[in-house]
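The next block holds one structure in the form of structure tokens; read it before the comments.
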There are 2 protein chains.
Amino acid sequence: MEYKAIKLLKRPQNEITADIFETVTLQTPALEKDQFLVKQTHMSLDPAMRTWMDDNDDSYVEPVAVGDVMRSFGVGEIVESKNDNYPVGSRVLGMTGWAEYVLGGDDMQIVPLELPVEALLCVMYVPGLTAYLGLMEIARPKAGETLVVSGAAGSVGSLAGQIGKAEGLRVIGIAGSDEKCEWLEQELGFDKAINYKTADLEAEISAAAPHGVDVYFENTGGPVQQVVFNHMNRFGRIAVCGMISDYNREEPAPGPSWKQINLKALRVEGFVILDHYDKIPQMTEALGGYLAKGQLKYRIHKLHGLDSAIDGVNLLFSGNNKGKLVVEL
Amino acid sequence: MEYKAIKLLKRPQNEITADIFETVTLQTPALEKDQFLVKQTHMSLDPAMRTWMDDNDDSYVEPVAVGDVMRSFGVGEIVESKNDNYPVGSRVLGMTGWAEYVLGGDDMQIVPLELPVEALLCVMYVPGLTAYLGLMEIARPKAGETLVVSGAAGSVGSLAGQIGKAEGLRVIGIAGSDEKCEWLEQELGFDKAINYKTADLEAEISAAAPHGVDVYFENTGGPVQQVVFNHMNRFGRIAVCGMISDYNREEPAPGPSWKQINLKALRVEGFVILDHYDKIPQMTEALGGYLAKGQLKYRIHKLHGLDSAIDGVNLLFSGNNKGKLVVEL
């Protein structure tokens with residue numbers, strides 16, 4: 001059977017441009033024992049993909065090799081199987097890649113058909129796990145503390161803030177448009193949302209966090225970082241989830257001086273969900289609990305067709321996506 | 001009885017200059033119930049004193065008020081007492097200040113007369129507690145890992161490196177003179193010491209830590225910081241003990257981008273010994289253990305007479321001290 005896939009032709013210079021990809025037509029293979037074939041239905045577009053495109057020694061996973069199908073997370077349906085643990089008709093999620101069909105592996109996880117795919121992609125999988133891990137396992141807030149989330153309207157940030165509310169924190173979100181801020185305050189129940197593009201950030205954070213910031217969930221880097229950092233309380237914790245504003249820069253911008261890390265006994269800690277697979281069952285359970293109580297709202301931004309990923313992935317870095325980016329195949 | 005003390009007249013502009021202090025003559029008070037009088041014998045000069053001189057909202061303790069006696073740690077002998085818990089003849093340590101006589105308080109700790117004052121000041125008190133706390137409680141290394149210590153010939157850095165050796169780490173020290181480096185390698189058993197003022201730091205660290213750096217004990221900030229940071233391994237830990245190179249600057253220098261903190265899942269954590277008084281008994285016991293096994297060597301740099309503190313304190317920031325700075329009274 002023929003199917004389409006998108007290969008990485010060369011590494012991006014700063015920004016992701018269409019010419020670094022090539023759409024090719026491939027043949028599904030004849031299955032060997034224990035193999036199964038997945039028809040991908042939903043491809044997840046996530047900021048981490050940008051780092052996978054770079055040949056960066058420091059990265060936590062091998063970069064995608066030039067000439068290989070682009071890597072991504074996704075959801076699909078098993079359409080053919082020679083593996084009894086993965087029967088035809090099951091829904092699976094895992095590392096799929098930019099392809100209409102994928103050969104399954106035992107790192108794929110079967111998920112219940114009852115759970116809406118939207119909830120799966122927007123909450124129970126990468127965004128929810130990342131938000132939960134960063135807030136609850138890395139930052140470890142106490143009820144009553146003040147949390148600032150940057151990239152707060154993003155798929156991870158919006159959940160980190162809502163988990164913060166569910167856990168009794170005062171939550172301040174920083175986002176890049178009035179529309180996003182309104183969504184955060186009106187729909188998601190953030191205590192305050194600040195549009196960093198138009199606000200006097202220093203003044204707004206002083207007003208919104210008069211007793212300082214205890215936990216900072218950092219998604220973006222950029223000019224927001226130093227301002228929030230200056231407002232950290234002693235023993236503050238900063239979970240460094242991502243640096244969206246840096247991904248497309250040649251030289252990442254410097255960070256704050258460590259002098260305040262010393263004087264205020266701050267903890268600045270990075271994390272990557274792939275390092276914490278052992279905690280997934282417990283985190284999935286916690287996320288399911290919030291979801292059942294109606295504490296986690298989400299919105300999905302759907303693109304259609306494999307090729308829409310090529311331009312679509314840039315929406316993550318321009319901030320023009322309206323919710324979790326998913327390509328429906 | 002008359003005694004001399006040194007008051008802080010005004011706050012320093014960047015560097016510490018003699019004109020910000022004034023030596024005054026005071027009278028020892030008549031003791032009330034529960035009070036005791038300490039004749040200070042040894043005043044400890046420590047980098048933290050620089051931060052106590054600034055009126056900095058962010059600091060972990062109140063600054064020394066203008067017009068007050070300068071704050072410091074020290075050791076003395078009880079010469080008069082109306083407190084049964086603090087008998088005359090006992091040796092005590094605590095926050096004494098720049099004064100020949102001090103009114104004791106119950107935050108002072110009685111220490112055994114058998115322990116040499118040198119070992120007390122150089123190991124069992126501020127430097128040793130700080131080194132142990134930062135390395136063993138904050139960074140938490142595993143045997144076989146590679147440790148880099150900046151300010152490695154300083155009172156804290158030299159102990160952090162030696163504790164690292166005692167705990168089975170590969171230890172690389174960074175210091176500011178060939179003489180210091182020789183001391184670290186020949187006397188203290190560091191695996192490698194690098195003179196950052198003359199070496200190609202990048203090349204030397206690559207050679208000394210071919211498999212990267214797992215733990216960085218950071219005392220200085222400055223240009224060394226970014227180079228060591230670039231060599232951190234995934235899951236590396238950085239204990240931020242001090243920023244000596246920043247203390248006398250108006251604007252602290254920026255730190256490394258947080259991008260690598262994210263990608264490498266690094267933990268950068270500051271600490272201040274005053275926050276960890278509860279751990280002092282356990283840390284003192286551990287330090288005593290190393291000392292008994294001959295695993296901790298030290299050298300003391302003695303100044304003489306109260307007034308020698310005024311110029312002497314700058315030796316900490318110029319790096320011209322040869323060992324733990326102590327003023328003998």
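The values are calculated or read from the model by the stated rules, or taken from the named source; none is laboratory data. Predicted model, so just to flag it, every value in this text is computed and none were measured. Neighbour counts are summed over all protein chains in view; Cβ atoms, including those assigned to glycine, are modelled from backbone coordinates with ideal geometry. Calculation scope for accessible area: heavy atoms of the full protein, side chains included, ligands and nucleic acids excluded. Shrake-Rupley method; radii C 1.70, N 1.55, O 1.52, S 1.80 Å.
Some notes on this structure:
- Rolling a 1.4 Å probe over the protein heavy atoms gives the protein assembly as shown an accessible area of 40 Å² per residue.
- Taking the charge dipole of the protein assembly as shown about its Cα centre, with +1 at Lys and Arg Cβ atoms and -1 at Asp and Glu Cβ atoms, the residue from B:N14, A:T284, A:G323 reaching farthest to the positive side is A:T284.
- Chain-alone versus full-assembly comparison, the stretch A:46-91, residues with accessible loss of at least 50 Å² (1.4 Å probe): A:D58
- Cα gyration tensor, the stretch B:40-136 - rounded (a/c under 1.5), prolate or oblate: oblate
- Once the Cβ-Cβ distance of B:V79 and B:L9 is raised to the sixth power relative to R0 = 25 Å, the FRET efficiency obtained is 0.30.
- Placing dummy labels 7 Å off each Cα toward the beta-carbon, the span from B:E185 to B:D19 is 4.5 nm.
- Span from the the stretch B:11-27 Cα centroid across to the the stretch A:261-322 one, whole angstrom: 54 Å
- Candidates per GluC sites (Glu not before Pro) in the stretch A:93-134, loop by DSSP, up to 11 other Cβ within 10 Å: A:E114
- Environment charge of A:M43, counting only residues whose C-beta is closer than 13 Å and scoring Lys/Arg +1, Asp/Glu -1: +1
- Neighbourhood net charge (12 Å Cβ-Cβ; Lys/Arg +1, Asp/Glu -1) for B:Q295: +2
- Shape call, the stretch A:212-329: gyration tensor on alpha carbons, a/c limit 1.5: oblate
- When Rg and Dmax are taken over the Cα atoms of the stretch A:126-275, they come to 13.9, 40 Å.
- Remark: mean inter-chain Cβ contacts per residue of B:229-236 equal 2, using a 10 Å Cβ-Cβ cutoff to other protein chain atoms.
- Helix-only [θ]222 nm of the protein assembly as shown, DSSP H runs n ≥ 4, -39500 (n - 2.57) each, per residue, nearest 500: -6000 deg cm²/dmol
- With the highest mean first, a sort of the peptides B:223-236, A:226-239 on other beta-carbon atoms found within 10 angstrom per residue produces A:226-239, B:223-236.
- If you take the Cα centroid of the stretch B:94-113 and the Cα centroid of the stretch B:149-175, the two points sit 29 Å apart.
- Projected over every direction and averaged, the convex hull enclosing the alpha-carbon atoms of chain A yields 16.5 nm².
- Shielding score for A:267-275, defined as the mean number of other chain Cβ atoms within 10 Å: 6
- When you count the other C-beta atoms within 10 angstrom of each residue and take the mean per peptide, A:286-294, A:155-163 line up highest first as A:155-163, A:286-294.
- Highest to lowest packing among A:299-306, A:134-141, scored as the average C-beta count within 10 Å: A:134-141, A:299-306
- Element breakdown for the protein assembly as shown at a 1.4 angstrom probe: carbon and sulfur atoms account for 48% of the accessible area.
- Percent RCO, i.e. relative contact order, over chain A, from Cα pairs under 8 Å lying at least 6 residues apart: 18 percent
- Mean per-residue shielding of peptide B:216-227 is 1, counting Cβ atoms of other chains within 10 Å of each Cβ.
- D (Stokes-Einstein, µm²/s), Kirkwood Cα radius, the protein assembly as shown, 1.306 mPa s at 10 °C: 58 µm²/s
- Within straight-line cross-link reach of A:K39, lysines at Cα separation under 29 Å, skipping those fewer than 8 residues along the same chain: A:K4, A:K7, A:K10, A:K82, A:K279, A:K297, A:K302, A:K322, A:K324
- Total accessible surface hidden between B and A, rounded to 100 Å², 1.4 Å probe: 3300 Å²
- Separation in nanometres of the label points that stand 7 Å from Cα toward Cβ, at A:L113 and A:A292: 2.3 nm
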